[in-house]
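First up is the structure itself, then whatever we jot down about it.
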Amino acid sequence: MKRINKFIGFLGAAALLFSACTDDLNQNPVTETTSQDVYANASNYQSVLAKIYASYVLAGQGQGGDNGDLSTINYQDFSRGYFNLQEASTDEVANTWLSGNNLTDLTYMTWNSKDSWVSDSYYWLFFNISLCNEFLRHCTNEEIAKFSQAEQNEIRTFSAEARFMRAFSYWMVLDLYRKGPKVDENTPVTGFIPEAFDGPELFDYVEKELKDLVSDNSEYALPESNEYGRACRPTAWALLARLYLNSAIYRGAEDTKYYTECVNACHKVISNPAFYLEPDYAKLFNADNHKRGHEILFAMVCDATTSVTWGGGTYLVCGSCGNSSSQDPAKYGLTNGWGMFRARGEIVDKFGDISNTLDSRAMFYTTDQSQFFTGPIDNQSEGFFFEKFSNLTDDGIAASNSAATGCSTDYPLIRLADVYLMAAEACLRGGSGLTKADALKLVNDVRLRAYKNDESGKISEGDLTLDFILDERARELYLESVRRTDLVRFDKFTTADYLWQWKGGVLDGRAVNSKFNFYPIPDTDLTANPNLSNPLY
């Protein structure tokens with residue numbers, strides 16, 4: 001059993017606590033057992049913290065989402081919606097089941113404030129935020145004074161992790177929606193309509209929280225290390241780097257850039273001897289990827305025994321395998337494939353001729369498949385299938401019966417290779433603290449791993465441009481829910497500067513309205529909170 005799932009195993013007590021809540025104005029999760037009962041015992045704090053982590057990848061208290069936490073439109077967990085928002089409209093993923101999975105508008109970039117995935121993801125984020133707020137209300141010095149000193153110290157560590165999870169959720173709100181209601185542990189739980197964060201305010205809030213969590217002087221700072229799957233100080237530094245790299249987008253002003261701060265945050269991770277690049281790229285995405293804590297800084301943890309989900313790694317592994325192609329599901333440790341999505345031709349093109357490339361990251365199933373589309377995007381014979389994620393262990397054995405209990409492959413959210421590439425990009429954008437030669441070495445370290453130390457993978461300083469970085473991030477990080485964010489940062493998501501097939505709903509691709517650089521607040525929340533609005537929608 002994975003180490004983090006020993007932690008998630010404490011969910012039993014927490015499972016009694018939370019039932020459906022879809023209104024972010026109700027900041028106190030509905031309880032079957034009162035919070036006074038739960039927080040009367042120090043041992044229960046770990047159970048509730050486990051629930052906070054699990055809310056990213058589990059949809060409910062039962063197996064595969066039974067006894068759901070939220071009354072969502074798509075009946076799926078947060079991880080599945082997040083992947084769809086970050087990948088479905090980009091040059092990476094072509095969805096097969098468009099109308100059946102409500103993915104037509106995301107795929108063709110025609111969504112509005114009624115889109116089901118936009119709404120579900122928004123409410124999942126604020127569900128997680130509400131869990132964190134309720135937890136933190138019971139972590140004050142006054143509240144925990146009744147426990148032993150050792151128990152108090154442990155609870156302070158737990159509270160730092162809850163603050164990180166809240167900051168991570170709010171970063172996603174900032175990245176996806178650019179605004180949202182202001183709620184924290186001090187917000188009244190009833191009879192209160194929150195004010196709205198705008199982009200700069202959200203940026204400032206997330207930055208302040210993360211800086212406090214990495215500070216040596218904070219009573220509630222994150223530990224320097226933690227068991228796999230839980231947040232630690234380097235995880236917060238990496239998220240700070242991501243926040244800083246996108247600062248001009250989030251703050252809405254080109255003269256507001258934090259590239260030097262991004263370099264410094266990356267350095268805090270890169271210089272930590274506990275982290276190094278996993279030599280075998282493919283092992284980052286198999287059912288034993290929980291053993292790669294030296295590169296995977298943070299992940300959505302999935303396990304077919306203790307945390308069964310149809311999102312997370314299950315969605316990636318099963319969804320990438322065809323159900324009407326010549327693929328053998330057993331090759332990926334699967335009982336059956338879903339045929340959910342395929343690669344758009346443009347992402348494959350980033351690798352050149354994949355029939356003879358030495359780049360081990362070019363993991364596609366091409367037999368009887370054409371690379372580009374000649375017609376509708378939902379034609380399963382057009383577009384290669386992805387082979388990046390697998391439900392096989394290091395020994396090549398299927399980790400689970402995927403048809404019954406899903407896959408045991410974790411879904412990485414932050415990796416060290418991403419930090420390397422962020423540092424290099426921030427340097428090229430003008431950040432100090434890193435020379436171009438240093439940036440080149442970081443990029444070449446990533447590429448040498450991809451080329452299994454073949455020197456032909458290295459590039460020269462003249463090759464190192466921002467456009468190269470964008471393409472290198474595509475090669476390294478495809479399917480890892482960063483592509484939309486990257487394309488927005490490079491002003492290539494909605495514009496005509498970069499077109500891909502079916503962008504904007506036409507075969508050859510076209511530019512779309514710039515409002516699609518972020519998602520709208522759901523209609524239901526606009527009705528509940530008059531402080532929120534969608535002026536562009």
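The values are calculated or read from the model by the stated rules, or taken from the named source; none is laboratory data. What you are looking at is a predicted structure, and each value in this text was computed from that prediction instead of being measured. Don't worry about glycine lacking a Cβ; one is built from the backbone with ideal geometry, like all the others, and counts go over all protein chains shown. These area figures cover heavy atoms from the full protein model, side chains too; ligands, DNA and RNA do not enter into them. Shrake-Rupley method; radii C 1.70, N 1.55, O 1.52, S 1.80 Å.
Things worth noting here:
- So GLU151, is it out of contact with any strand residue (DSSP E or B) (no Cβ under 7 Å at 6 or more places or on another chain), in a helix (DSSP H, G or I) and open to solvent by 10 Å² or more (accessible area, probe 1.4 Å): yes
For every residue, the table says whether it meets (1) among the basic types (Lys, Arg); (2) outside any helix (DSSP H, G or I); (3) in contact with an Asp or Glu (Cβ under 8 Å, 6 or more places away or on another chain).
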position: ASP91; (1), (2), (3): no, yes, yes
position: LEU98; (1), (2), (3): no, yes, yes
position: LEU125; (1), (2), (3): no, no, no
position: GLU142; (1), (2), (3): no, no, no
position: LYS146; (1), (2), (3): yes, yes, no
position: ALA160; (1), (2), (3): no, no, no
position: TRP171; (1), (2), (3): no, no, no
position: PRO188; (1), (2), (3): no, yes, no
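- Of note, SER215 does not satisfy the criterion of being of a type in the set (Ser, Thr, Tyr) and either in contact (Cβ under 8 Å) with a residue 40 or more places away in the chain or crowded, with 17+ Cβ neighbours inside 10 Å (or both).
- Verdict on ALA426 being within 23 Å of ASN517 (Cα to Cα) and within 25 Å of the chain's Cα centre (by Cα): yes
- Close pairs from segment 524-537: first part of a loop (DSSP other than H, G, I, E, B), partner of a type in the set (Gly, Ala, Ser), Cβ under 6 Å, at least 6 apart: ASN531/ALA196; LEU532/ALA196; ASN534/SER113; TYR537/SER113
- Residues being in contact (Cβ under 8 Å) with a residue 12 or more places away in the chain, open to solvent by 30 Å² or more (accessible area, probe 1.4 Å) and polar (S, T, N, Q) - total across segment 375-392: 1
For every residue, the table says whether it meets (1) over 23 Å from the mean Cα position of the chain (by Cα); (2) among the aromatic types (Phe, Trp, Tyr); (3) at pLDDT 55 or above.
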position: ILE8; (1), (2), (3): no, no, no
position: ALA13; (1), (2), (3): yes, no, no
position: ASP24; (1), (2), (3): no, no, no
position: THR31; (1), (2), (3): yes, no, no
position: SER43; (1), (2), (3): yes, no, yes
position: ILE52; (1), (2), (3): no, no, yes
position: SER55; (1), (2), (3): no, no, yes
position: ASN67; (1), (2), (3): yes, no, yes
position: THR72; (1), (2), (3): no, no, yes
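- Single residue of ARG166, ARG178 found to be at pLDDT 95 or above, closer than 26 Å to PRO530 by Cα, open to solvent by 10 Å² or more (accessible area, probe 1.4 Å) and under 26 Å from the mean Cα position of the chain (by Cα): ARG178
- Just so you know, in segment 452-485 the residues that are assigned to a loop (DSSP other than H, G, I, E, B) and β-branched (Val, Ile, Thr) include one that is most open to solvent (accessible area, probe 1.4 Å), and it is THR465.
- Yes/no for TYR411 being of a type in the set (Phe, Trp, Tyr) and farther than 22 Å from SER326 by Cα: yes
- Residues that are surrounded by 16 or more Cβ atoms within 10 Å (Cβ to Cβ) and either β-branched (Val, Ile, Thr) or in contact with a His (Cβ under 7 Å, 6 or more places away or on another chain) (or both), drawn from segment 511-536: VAL512, ILE521, THR524
- Listed here are the helices (runs of 4 or more DSSP H) enclosed by segment 245-361 that have at least 2 residues being of a type outside the set (Gly, Ala, Ser) and open to solvent by 30 Å² or more (accessible area, probe 1.4 Å): 247-251, 259-270.
- The listed residue being of a type in the set (Asp, Glu), open to solvent by 20 Å² or more (accessible area, probe 1.4 Å), under 19 Å from TRP502 (Cα atoms) and modelled with pLDDT of 80 or more, out of ASP91, ASP37, ASP105: ASP105
- Unique residue being more than 23 Å from the chain's Cα centre (by Cα) and among the charged types (D, E, K, R) when the list is ASP410, ASP454, ASP418, ASP471: ASP454
- Residue within segment 123-146 that is over 18 Å from LEU222 (Cα atoms) and among the polar types (S, T, N, Q) present: yes
- The residues of segment 489-510 that are open to solvent by less than 10 Å² (accessible area, probe 1.4 Å) and of a type in the set (Val, Ile, Thr) amount to a single one, THR494.
- From the options LEU202, LEU131, residue that is in contact with a helix residue (DSSP H, G or I) (Cβ under 8 Å, 6 or more places away or on another chain), closer than 19 Å to VAL38 by Cα and either open to solvent by 10 Å² or more (accessible area, probe 1.4 Å) or not in a loop (DSSP other than H, G, I, E, B) (or both): LEU131
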